[in-house]
Amino acid sequence: MQLMILAPGSPSVGKRTSALWEAVDLWPTMSDLAMNETPPRCPSSSLNASCALLECADGISAKPLLLTDWSPAASVARKDCATSQVPRGALVNGEPVNNAIAAEMYMGYTVRTAAWRYISWVRFDNLTGVANWSEVVGRELYPQTL
C-alpha cells in the first residue's frame, strides 16, 4: 500500500521512501504536524492499564521523514517491522454473501520488514472475532521491493 502526505514547507516533496509505515502511524503523524505534539504511546498491555490514559497511540510520527531532506536509504531505519491484518472471505458490509461461502472466512496476519513480507492465513470466525491458529490454511513469504 502506498500513502501520500503533503506537509507544508517540507523539503521532501515528491520523494519516495521505503520506510516502514502502518495505519496506526497516521494519527501521531497528523497530530505532530498540526499541533507539534504526539499522543502518548499506549502501555504494552492496554487491557491491564488504568483508565487514566484514555487516549494513546500505538503508532509513531512520520514527521521526521516529511520535514527533513532525507535520502530513501537513510529512512529505512524508522521501524524494525510493520504489522497488519486483513479479512478474506465473502463479506459485504460485515455480512456473509451466502451461507455456503460464509464458512470460508480467513484472516491474514502480516509482518513486514525492510527485506521481507510474511503472511499467515488463519481460519477466522467472524461472529466471535476469534482466529483459530490451529487452522493455518496458508503461508506466504515475499521479498520486499520498492
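The values are calculated or read from the model by the stated rules, or taken from the named source; none is laboratory data. What you are looking at is a predicted structure, and each value in this text was computed from that prediction instead of being measured. Positions of Cβ are backbone-derived with ideal geometry, glycine not excepted, and every protein chain shown enters the neighbour counts.
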Which residues, taken from the stretch 56-78, are part of a loop (DSSP other than H, G, I, E, B) and modelled with pLDDT of 80 or more?
CYS56, ASP58, GLY59, ILE60, SER61, ALA62
Among the residues of the stretch 18-33, are any outside the structural domain of ARG112 (by TED's automatic domain parsing), acidic (Asp, Glu), modelled with pLDDT under 85 and over 30 Å from ARG139 (Cβ atoms)?
no
Counting only residues that are of a type in the set (Val, Ile, Thr) and closer than 14 Å to PRO87 by Cβ, which one in the stretch 127-138 is modelled with the lowest pLDDT?
THR128
Filter the stretch 103-126 for residues that are among the hydrophobic types (A, V, I, L, M, F, W, C) and under 14 Å from VAL86 (Cβ atoms); which is surrounded by the most Cβ atoms within 10 Å (Cβ to Cβ)?
PHE124
The stretch 7-26, residues that are within 24 Å of CYS56 (Cα to Cα) and assigned to a loop (DSSP other than H, G, I, E, B):
ALA7, ALA19, LEU20, TRP21, GLU22
Selection status of ARG117, part of a strand (DSSP E or B), at pLDDT below 90 and either touching a Ser or Thr at 6+ places or on another chain (Cβ under 9 Å) or hydroxyl-bearing (Ser, Thr, Tyr) (or both)
no
